[in-house]
Amino acid sequence: MHGGYQVFLGLDVGKDGHHAVALAPDGKRLHDAELVNTEARLRQVFDKLARHGRILVVVDQPASIGALPVAVARACGHQVAYLPGLAMRRIADLHPGNAKTDARDAYVIADAARTLPHTLRRVDAGDETLAELEVLVGYDDDLAGEATRVANRIRGLLTQIHPALERVLGPKVQHKAVLELLSRCGGPVGLRKAGRRKLVSIATKNAPRMGERLVEQVMTALDEQTVTVPGTAAAEKILPRLADSLRDVLKQRDQVATEVEGILDAHPLAEVLTSMPGIGVRTAARILLEVGDGTAFPTSGHLAAYAGLAPVTRRSGTSIRGEHPPRGGNKQLKRAFFLAAFASLAHPPSRIYYDRKRAAGKRHNAALICLARRRVDVLFAMLRDRTPYQARPSEHALAA
């Protein structure tokens with residue numbers, strides 16, 4: 001954040017109210033009191049502090065409970081930023097005392113804005129497209145977690161009553177054909193009772209190419225176990241319900257993805273992001289929410305460090321030397337880059353780089369992180385120049 005501010009207002013936001021501390025450039029307290037979370041009261045405090053000069057409003061949570069203060073501050077014409085939680089906790093350790101109060105947190109936020117402006121992040125809440133994306137992507141994350149929970153429950157039940165069947169259906173548990181088999185037939189008893197012909201009819205309707213092969217694998221797995229494990233009868237009743245629940249969740253995710261794509265298309269950077277191999281609608285939306293237009297990062301190294309992809313050098317005399325994976329960073333952004341790197345393995349240049357790292361002795365995850373770090377450089381240049389991904393001539397030759 002650039003300088004020129006006469007008031008640094010730190011807001012420790014809460015559900016019912018906030019605590020506000022305003023500091024002058026020399027550290028003098030201009031305001032220190034609780035603040036009711038209403039538009040009228042927020043405007044009153046902003047107008048009162050505006051008499052001292054330009055205001056920088058800094059919050060510790062720009063979304064959810066902090067959305068109203070951010071919106072009101074922008075409506076009043078004030079610049080808004082936020083202090084990430086990890087940075088706030090580290091800065092708080094530099095202040096005397098161990099108490100954890102709203103007043104102390106608000107002071108830490110205001111003082112960080114005054115003395116450590118490089119720790120702040122810009123708030124893009126004024127962009128309606130990003131605000132809508134934030135809501136939809138957050139809901140999609142909730143649905144993804146629920147889908148994982150239900151899928152794990154299905155796999156757990158199958159492992160308990162028929163491990164061989166789980167080895168066949170478990171890895172494909174979110175496929176429409178598998179969910180339809182479980183929904184209509186239940187567990188091993190129901191599948192065996194339905195018979196090969198009915199199973200083929202159900203499977204091929206939802207998976208024309210792999211339906212018959214899937215049924216053959218199911219029948220082979222059923223023949224591997226003749227004993228009935230206690231709890232099988234109950235599992236036969238629960239598995240169809242779990243399959244229906246998972247199918248509904250996945251259907252909702254598809255609907256949300258369509259809505260996200262519709263909103264994303266209206267953003268000028270959507271075409272730039274999705275042009276890069278491995279970046280789909282969901283990943284592009286997450287990157288856009290966390291990075292914005294990329295102007296907050298001076299170099300690609302800063303962006304990589306923010307995402308937790310840049311190695312951290314640790315040296316102490318002659319006993320400790322080397323570079324280690326960072327433990328911090330933006331977890332959601334790191335996950336987005338990691339998944340995009342995994343999806344890009346079908347892209348020949350990305351695959352070659354990944355294979356080279358594996359040949360150098362790196363494990364799968366480490367090689368993917370290296371690939372993700374390299375792709376950050378490319379993505380940063382794309383955002384900086386506002387240009388879609390362009391394959392080099394050598395990449396065209398590899399693809400051919």
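The values are calculated or read from the model by the stated rules, or taken from the named source; none is laboratory data. For clarity, every value in this text was computed on a predicted model and none was experimentally measured. Cβ atoms come from the backbone with ideal geometry, glycine included; neighbour counts cover every protein chain shown.
Please work out if Ala103 is surrounded by fewer than 16 Cβ atoms within 10 Å (Cβ to Cβ), assigned to a helix (DSSP H, G or I) and not hydroxyl-bearing (Ser, Thr, Tyr). So Ala103 fits the description; yes.
In the stretch 271-321, the qualifying residues are those that are among the polar types (S, T, N, Q) and at pLDDT 90 or above, and the one that is farthest from Phe337 (Cα to Cα) is Thr299. For the stretch 65-79, the tally of residues that are surrounded by 15 or more Cβ atoms within 10 Å (Cβ to Cβ) and either in contact with a strand residue (DSSP E or B) (Cβ under 7 Å, 6 or more places away or on another chain) or free of Cβ contacts under 8 Å to residues at least 12 places away in the same chain (or both) stands at 7. Here is the figure for the stretch 106-128: residues that are assigned to a helix (DSSP H, G or I) and either out of contact with any helix residue (DSSP H, G or I) (no Cβ under 6 Å at 6 or more places or on another chain) or over 26 Å from Arg286 (Cα atoms) (or both) total 13. If you filter the stretch 324-344 down to residues that are outside any helix (DSSP H, G or I) and closer than 30 Å to Glu134 by Cα, you find that the one that is modelled with the lowest pLDDT is Pro325. For the stretch 47-64, the tally of residues that are assigned to a helix (DSSP H, G or I), surrounded by fewer than 17 Cβ atoms within 10 Å (Cβ to Cβ) and in contact with a His (Cβ under 9 Å, 6 or more places away or on another chain) stands at 2. Got at least one residue in the stretch 26-46 being loosely packed, with under 15 Cβ neighbours inside 10 Å, touching a residue at least 60 places away in the same chain (Cβ under 8 Å) and over 18 Å from Asp102 (Cα atoms)? Yes: one or more hits. Regarding the stretch 259-270, can at least one residue be identified that is aliphatic (A, V, I, L, M) and within 17 Å of Val378 (Cα to Cα)? Yes.
Across the stretch 345-363, the number of residues qualifying as in contact with a His (Cβ under 8 Å, 6 or more places away or on another chain) and assigned to a loop (DSSP other than H, G, I, E, B) comes to 0. State whether one or more residues within the stretch 264-273 are touching a Pro at 6+ places or on another chain (Cβ under 8 Å) and either surrounded by 18 or more Cβ atoms within 10 Å (Cβ to Cβ) or without any contact (Cβ under 8 Å) to a residue 60 or more places away in the chain (or both). Scanning the stretch 264-273, I find at least one residue that is touching a Pro at 6+ places or on another chain (Cβ under 8 Å) and either surrounded by 18 or more Cβ atoms within 10 Å (Cβ to Cβ) or without any contact (Cβ under 8 Å) to a residue 60 or more places away in the chain (or both), so the answer is yes. Condition first: in contact with an Asp or Glu (Cβ under 7 Å, 6 or more places away or on another chain), over 30 Å from Met88 (Cβ atoms) and either at pLDDT below 90 or of a type outside the set (Gly, Ala, Ser) (or both). Can you find one or more residues in the stretch 378-394 that meet it? Checked the stretch 378-394: at least one residue is in contact with an Asp or Glu (Cβ under 7 Å, 6 or more places away or on another chain), over 30 Å from Met88 (Cβ atoms) and either at pLDDT below 90 or of a type outside the set (Gly, Ala, Ser) (or both). Pull up the stretch 106-142, narrow it to residues that are of a type in the set (Val, Ile, Thr) and farther than 18 Å from Pro84 by Cβ, then point me to the one that is surrounded by the fewest Cβ atoms within 10 Å (Cβ to Cβ). Step by step, filter the stretch 106-142, then rank; the result is Val135. The set of residues in the stretch 197-206 that are touching a helix residue (DSSP H, G or I) at 6+ places or on another chain (Cβ under 6 Å) and more than 18 Å from Arg167 (Cβ to Cβ) comprises Val200, Ile202, Thr204, Asn206.
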